[in-house]
1. Exactly which chymotrypsin sites (Phe, Trp or Tyr not before Pro) in the stretch B:180-261 are in a DSSP loop and have at most 13 other Cβ atoms within 10 Å?
2. Considering Cα pairs under 8 angstrom that are at least six residues apart, work out the relative contact order of the stretch A:67-193 and quote it in whole percent.
3. Just grab the label-to-label distance for B:Lys231 and A:Glu72, each label 7 Å out from Cα along the Cβ direction, in nm (one decimal).
4. So what is the diffusion coefficient of the stretch B:128-246 in µm² per second by Stokes-Einstein at 20 °C and 1.002 mPa s, using a Kirkwood Rh over Cα pairs?
5. Quick one: grab the alpha carbon gyration tensor of the stretch B:173-314, order the square roots of its eigenvalues as a ≥ b ≥ c, and give me rounded if a/c is under 1.5, else prolate or oblate depending on whether a/b is larger than b/c.
6. Just grab the label-to-label distance for B:Arg6 and B:Asp307, each label 7 Å out from Cα along the Cβ direction, in nm (one decimal).
7. I'd like the accessible area for B:Ser207, computed on protein heavy atoms only with a 1.4 Å probe and all protein chains in place. Round to 10 Å², please.
8. Note down the accessible area of B:Arg111, probe 1.4 Å, to the nearest 10 Å².
Amino acid sequence: MDGATPRAIRRDQPERSRLLLGHRTRVVVAVSFAIVATVFAGCSGGGSSDSSSTSSTAAPAAKTNLAVPMGEVVADSAGPPAQFTPEQSQAVMKVVTDYLAVATVFPLRTAKPVGDLSGLFDAGALAAATGVDRPVVLDEGLPKVTGVLDVVGQPVRIVALADQNGGIVLATATLDLDIQGATKVPGSPLRILRRGDLVLAPDAGGAWKVTGYNLAVARAGAGLDPTTTTAAVGATPQSAKGTR
Amino acid sequence: MTRQGRRRRAVAALVVSPLLCGILVAGLVSAAWLALGSPQPAGATWFQVTKLGSARFIGQPDQPFFVLAVGTGARSDDPNESHDDPGLADAVHVIGVNPALNAATIIDIPRDTEGPTGQKINSYIVSNPENDLRGMADAVSDVTGAPISYVIRVNFPNFVQMIDEMGGVDIDIPAPMNDEFSGAVFDPGPTHLNGDQALSFSRDRHSFTNGDLTRTSNQGLLLISALATLKARNPSGGDTVRLIATLGRHTKLDGIGVGELFHLGEYALTLDPANIKNVVLPVGNSGNGTNLAKTGDAASLLADFTDDAVLQNH
């Protein structure tokens with residue numbers, strides 16, 4: 001008798017009520033699973049779980065967002081008023097974006113050393129950038145970014161300098177970059193902040209190249225050790241201490 | 001408990017558990033995101049690097065070099081508009097820079113110092129108008145033994161405008177100054193000079209018993225103070241462009257272009273003013289007429305200076 005009671009009670013409940021309860025249950029369960037699925041999907045982008053990428057066989061290449069727009073462009077002259085043309089501004093911006101592609105995106109995506117930079121740096125700057133300043137100027141030796149890679153920045157401010165005849169001799173490009181990407185290193189995504197100036201000048205052939213730089217970089221996440229280094233190009237070699 | 005109750009409790013547990021789990025995970029993820037999303041991540045690794053261009057333009061970056069800084073009394077670069085002064089150089093300073101030591105020395109040359117052909121050193125800039133700066137540099141090199149690579153010259157109005165466009169100079173005035181000729185009226189101590197005041201400070205020789213000797217030392221002090229003032233503003237690359245453009249508009253250059261001057265300026269801004277010595281060339285009244293001649297102390301000082309562009313033993 002007692003054993004039949006629930007069934008009897010259930011039978012006594014209006015059919016509509018039973019159907020409604022079942023529907024609510026299904027909705028709540030579905031929503032809860034959706035939340036959990038969403039959360040874990042979000043977690044997988046953080047690079048904290050290898051298991052989340054087990055279905056990588058057919059996964060498309062992870063997206064790289066390189067969004068560093070040109071900002072204010074001004075020219076100051078030691079002689080008559082000068083103008084920095086849109087073509088010159090674009091040429092400077094191309095060097096900047098090429099630098100980001102070569103020095104940041106490539107090594108982070110491939111975990112390989114940066115290749116030839118002679119098209120972007122003049123000889124003096126190249127020697128320093130690929131020598132004592134390599135850990136600062138290039139994003140090598142860091143965990144490979146396997147998820148979305150965001151290279152975003154404030155608009156690049158360009159200030160050009162003209163000589164006493166009004167001819168443009170160089171320009172500075174101010175960078176304020178925030179680079180983030182998910183790696184397979186558990187814990188946290190890689191984040192790089194890079195700020196400072198590039199100094200660019202046209203070479204003998206008219207191609208704009210980096211002739212100097214004043215950069216500060218901070219890296220965090222992806223299991224990086226919190227060690228610090230300072231390097232000053234042109235100063236005594238002893239002033240450069242350690243690497244990443 | 002009834003079977004139906006147990007089933008409801010089971011269903012509830014099935015529903016609530018994933019929700020709690022999801023909220024927990026979402027909270028952890030949010031916390032991590034916030035931690036990493038801060039502008040300067042905790043435990044961040046900071047690097048700083050400065051590419052200094054000055055040394056690249058002298059052949060070998062670590063080699064010492066010498067700059068001649070000249071201030072003339074010309075009221076204009078057009079002699080017809082400068083009746084009060086033909087452009088005599090009453091400010092003559094050899095700046096030695098040693099990049100490897102990250103140090104510099106300023107040797108202040110009194111204007112009456114006898115030059116290689118018996119004239120006062122301040123007149124060599126006007127004796128050969130077609131080659132004024134290089135002729136002046138050659139004369140100063142003869143006196144000091146320093147091979148001068150670059151010359152920078154400024155006249156009165158350019159000096160005033162340049163200082164004003166720079167935003168003035170913070171300086172610690174070493175001694176009271178009260179000179180009606182130059183207009184220098186200053187109490188000792190820290191003060192901020194605008195262009196006119198900086199010119200007065202640089203011109204005053206009547207407030208001191210040794211006249212031009214203290215004046216030339218003060219001029220060297222003003223150079224160091226100007227550097228310190230600019231450094232304190234922590235200029236960006238763009239700021240340095242503006243400074244160099246200002247400098248270029250108000251100076252005449254020899255041996256260096258504006259582009260190179262930019263790199264030299266960037267390098268100068270890395271120098272610690274405390275690592276810049278300011279020393280007056282030892283001279284005495286043993287020259288022809290009112291000329292001053294180098295004293296015996298000058299030889300060892302200049303030897304110390306010219307060997308690596310900075311003084312170590314003086």
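The values are calculated or read from the model by the stated rules, or taken from the named source; none is laboratory data. Note that the structure is predicted; figures quoted are calculated from it, not measured. Reconstructed Cβ throughout: ideal geometry from the backbone, glycine too, with neighbour counts over all protein chains shown. Calculation scope for accessible area: heavy atoms of the full protein, side chains included, ligands and nucleic acids excluded. Shrake-Rupley method; radii C 1.70, N 1.55, O 1.52, S 1.80 Å.
1. B:Phe181
2. 33
3. Reported label-point gap for B:Lys231 and A:Glu72 is 2.7 nm.
4. Here the translational diffusion coefficient equals 136 µm²/s.
5. Taking the square roots of the gyration eigenvalues as a ≥ b ≥ c, the stretch B:173-314 is oblate.
6. 10.0
7. In the full protein context, B:Ser207 sits at about 40 Å².
8. 40
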